[in-house]
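Here the structure is laid out as structure tokens; the discussion comes afterwards.
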Amino acid sequence: MNSFYLKPKFFETLKGYTKDQLIKDIVAGIIVAIIALPLSIALALASGVEPACGVYTAIFAGFIVALFGGSTVQIAGPTAAFATVVAGIVATKGMSGLIIASLMAGIILILMGVLRLGTLIKYVPKTITVGFTAGIAVTIFLGQIKDFLGLTYIDGAKPIEAIEKIEANIHNISTFNWQSLLVGAACLAILIIYPRFEKRVPPSLIAVVVGALLVLLIPALNNGTYTIGELYDIPSGFPKFTLGNISIKVDDIISLIPNALTIAILAGIESLLSCVVADGMVNQKHNPNAELVAQGLGNMASVAFGGIPATGAIARTAANIKNGGRTPLSGMVHSLVLLLVVLFLMPLAKLIPMPCIAAILFIVAYNMSEWRSFLKIIKEKDICNIVVMCLTFALTVIFDLVVAIVVGLALHFVMILAKKIKEK
């Protein structure tokens, strides 16, 4: 039976697999796990969930996508693209709503793969992906100003939208804490300067260690600088199965359909874009439909064990390739190493200062901002492309990703139609 979704790349790579490649995959998996740990924690906090949820996502989604995926080198886990979407769902529907929406998204992704819709990625214009990616980056940046400056929202506000975050930061600027700023600035400096001189050890890991030591060893910095452990519970042991506590009602399913579609579409776009980038780096060709099925299974497994929505992570996939990973085994090793961290070392995460997390997310926002592509599209002086990109960007920041993508796509196709009519 020539069914694409029954042919994961993992099983193809077993033929002719060598001991040398096994060693390279193990080393690459360990390095990617070290990179993924602080990022997973930071992205979970940016998503409005407990820090461990991000690591659970990398463990379960990462392993399933590697095992069943259509790419030999894809690394899946929590990404910045999902942060604002997840935060909005959790704030309005709670964790149960997020689980239901993610399960529905998983089913949609599987159906997209089965129906051979993976090739449709080429029809999503770059102007829209650049626009909403830059918008997400701005939203993430605004959301981290609070912890970087050590602000306290004295009115108990929990802003979700970008405008609300700006207003809350301005309203509570009087609670500014210089200790938090100093710790955050030190971590940010490490993240910017360290990679210029040394690339073997992930800068985010160095920043986390240095930030924790600063707060732990210098009493003056400890005063007023919150750590993860002071604000969140840090569980240890194997992640618990969460689906048994979920009550699914028809009304909930109907109300969460837009969220499920958002998660599915975003996961599909991000994952397949990551696969395309990886293809160019390893001179291979991924199976887009198998990848969609794997992403669906991975998202369902993630939320079943306390995680959040996942997608292919371009930066971690690139790190995997650069460190010698060439088969899905490296992705599995990455997940297993993180599982060992959860089982034995996770309580150490409570020592990480919140300003350090904010600094890491500042860099994440910068790296995903697509500012070079943004400027390139503007310099090309195609009015239609500029309008679509800027409108998608603005709607992502002001409203949400669903509105931005729907309006952006609609405007894009209307402008294409108008051009064809004009040419006739």
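The values are calculated or read from the model by the stated rules, or taken from the named source; none is laboratory data. The shown structure was predicted, so the numbers you read here are calculated from the model rather than taken from an experiment. Cβ: placed from backbone, ideal geometry, glycine included. Neighbour counts: every protein chain shown. Just the protein is used for accessible areas: all its heavy atoms, side chains included, with ligands, DNA and RNA removed. Shrake-Rupley method; radii C 1.70, N 1.55, O 1.52, S 1.80 Å.
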Scanning segment 138-152 residue by residue, those part of a helix (DSSP H, G or I), open to solvent by less than 20 Å² (accessible area, probe 1.4 Å) and farther than 18 Å from Leu395 by Cβ turn out to be Gln144
If a residue has to be among the aliphatic types (A, V, I, L, M) and open to solvent by less than 30 Å² (accessible area, probe 1.4 Å) to count, how many in segment 369-405 make the cut?
8
So, Asp155, is that one open to solvent by 70 Å² or more (accessible area, probe 1.4 Å) and either closer than 30 Å to Ala91 by Cα or assigned to a loop (DSSP other than H, G, I, E, B) (or both) or not?
yes
Restricting the first residue to segment 84-112 and requiring it to be free of Cβ contacts under 8 Å to residues at least 12 places away in the same chain, which pairs with a second residue that is buried (at least 22 other Cβ atoms within 10 Å of the Cβ) meet a Cβ separation below 7 Å and a spacing of at least six or different chains?
none
In segment 111-127, what residues are assigned to a helix (DSSP H, G or I) and under 22 Å from Val277 (Cα atoms)?
Met112, Gly113, Gly118, Thr119, Leu120, Ile121, Lys122, Tyr123, Lys126, Thr127
Out of all the residues in segment 174-221, which are closer than 13 Å to Lys146 by Cα and either acidic (Asp, Glu) or without any contact (Cβ under 8 Å) to a residue 24 or more places away in the chain (or both)?
Ser174
For Leu221, all conditions in the list (1) modelled with pLDDT of 90 or more; (2) open to solvent by less than 40 Å² (accessible area, probe 1.4 Å); (3) not β-branched (Val, Ile, Thr); (4) not in a loop (DSSP other than H, G, I, E, B) hold save one; what is the number of the exception?
(1)
Quick one: is Ile166 surrounded by 13 or more Cβ atoms within 10 Å (Cβ to Cβ) and not in a helix (DSSP H, G or I)?
no
Condition check for Gly135: part of a helix (DSSP H, G or I), more than 30 Å from Lys249 (Cβ to Cβ) and open to solvent by less than 10 Å² (accessible area, probe 1.4 Å):
yes
List the number of the failed condition for Pro203; all other conditions in (1) in contact with a helix residue (DSSP H, G or I) (Cβ under 7 Å, 6 or more places away or on another chain); (2) farther than 30 Å from Val27 by Cβ; (3) surrounded by 13 or more Cβ atoms within 10 Å (Cβ to Cβ) hold.
(2)
For segment 291-305, how many residues are among the small types (Gly, Ala, Ser) and either at pLDDT below 95 or under 16 Å from the mean Cα position of the chain (by Cα) (or both)?
3
Residues to consider are Ile89, Ile121, Ile108; find the one that is crowded, with 24+ Cβ neighbours inside 10 Å and more than 17 Å from Ala318 (Cβ to Cβ).
Ile89
Can we say Gly88 is at pLDDT below 95, under 30 Å from Leu348 (Cα atoms) and assigned to a helix (DSSP H, G or I)?
yes
Residue tally, condition open to solvent by less than 10 Å² (accessible area, probe 1.4 Å), of a type in the set (A, V, I, L, M), under 18 Å from Leu329 (Cα atoms) and not in a loop (DSSP other than H, G, I, E, B), over segment 60-81
4
Condition test on Ser96, is it within 22 Å of Gly70 (Cβ to Cβ) and assigned to a helix (DSSP H, G or I)?
no
Which of the numbered conditions does Phe241 fail, given that it passes all the others? Conditions: (1) assigned to a loop (DSSP other than H, G, I, E, B); (2) closer than 30 Å to Ala319 by Cα; (3) touching a residue at least 24 places away in the same chain (Cβ under 8 Å); (4) open to solvent by 40 Å² or more (accessible area, probe 1.4 Å).
(2)
Residue check, Val130 within 24 Å of Trp371 (Cα to Cα), among the aliphatic types (A, V, I, L, M), part of a helix (DSSP H, G or I) and in contact with a Ser or Thr (Cβ under 9 Å, 6 or more places away or on another chain)
yes
